[in-house]
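The values are calculated or read from the model by the stated rules, or taken from the named source; none is laboratory data. What you see is a predicted model, and the numbers here were worked out from it, not measured in a lab. Positions of Cβ are generated from backbone atoms using ideal geometry, with glycine treated the same way; all protein chains shown enter the neighbour counts. The accessibility values were calculated without ligands, DNA or RNA, using every heavy atom of the protein model including side chains. Shrake-Rupley method; radii C 1.70, N 1.55, O 1.52, S 1.80 Å.
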Amino acid sequence: MTSNNDTPAGTSLEPVIRHTADGRTRIEHAWPREARAGRAIQHAIARHVDTQNALPAEIRRIAGVDIGFEDSGHTTRAAIVVLDPNDLSVLEQVLVRRPTRMPYIPGLLSFREIPAALDALDELSELPDLLMVDGHGIAHPRRLGVATHLGLASGLPTIGVAKKRLTGTHDPAPEERLAWTPLMDGHEIIGAVLRSRVRVKPIFISPGHRVDLDTALDWVTRTLTRYRLPETTRAADRLASRRR
């Protein structure tokens, strides 16, 4: 993702803070191909994660982000669909494919996924106010799931919307629609296990960056219809599937 004062981060593992012309604060870093460097970068940038609500007063554009792989993992596919938050109609959509930069390493999936997602954001005519990412936010062993990492790299508020638990423990999710139970790591709440539809498996919601848990739950429930997943996620998945 580019801005007026972006420059390459080089090969250093030390992250660089960039302030963009439109007021965002981005974390720029190298994109390693091996585990030790990836974990070092995770630890370095995790201290910049902000789980306080920092959404703009008016939300005009919300986006679903779906990132996957093709060609036996050699190609990364990033789909972004921007919706109107009032009626969930599609405002814009972009799909990009890029060569995959890093092999699959557990806990470091975001390093494989995010470069293509940043390129997809660059192709939008206007950036969204909020990204709802198919994946985890801080509900990650090092508090740096794909939604959190994408928030840091783009400077945009993000929410993680995942289909499965990655880490943490929780009580059984209540059976009532829109009821939830905390996802815990020790004494820390790292997300919510939300029953989005009765008699259907719950989904896992976590703050990504610049969003707190209450706000994350609010926006997920606003974008739920009669399906298990919010319309943001469904729209991005449809775009990725249709053009596969």
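What the table shows:
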| read-out | value |
| --- | --- |
| Translational diffusion of region 1-129, µm² s⁻¹ [Kirkwood Rh, Cα pairs; Stokes-Einstein; 4 °C; 1.567 mPa s] | 80 µm²/s |
| Net charge of Cβ neighbours under 11 Å - reference Asp212; Lys, Arg +1; Asp, Glu -1 | -2 |
| Carbon plus sulfur fraction of accessible area for the chain, probe 1.4 Å, in percent | 48 percent |
| Ellipsoid equivalent to the chain - semi-axes via the Cα gyration tensor, in Å | 26, 21, 18 |
| Solvent-accessible area per residue for region 151-244 (1.4 angstrom probe, square angstrom) | 47 Å² |
| Residue-level accessible surface for Ile67, protein heavy atoms, 1.4 Å, Å² | 20 Å² |
| Gain on full stretching of the segment that runs from His74 to Ile17 - 0.36 nm per residue minus C-alpha separation | 17.5 nm |
| GNM result for the chain, Cα springs below 10 Å: residue of Thr158, Thr51, Thr181 fluctuating most strongly | Thr181 |
| Distance cut-off 26 Å, percentage of C-alpha pairs in region 125-241 lying past it | 13 percent |
| Cα Rg, Dmax, region 181-237, angstrom units | 11.7, 35 |
| FRET efficiency, 1/(1 + (r/R0)^6) with R0 30 Å, evaluated for Glu92 and Leu178 via beta carbons | 0.60 |
| Environment charge at Ala37 (Cβ cut-off 13 Å; Lys +1, Arg +1, Asp -1, Glu -1) | +2 |
| Pair-distance profile P(r), taking every C-alpha pair of region 90-134, with 10 angstrom steps and integer % | 24, 49, 23, 4 |
| Label-point separation in nm, Glu123 to Arg222, each point 7 Å along Cα→Cβ | 2.7 nm |
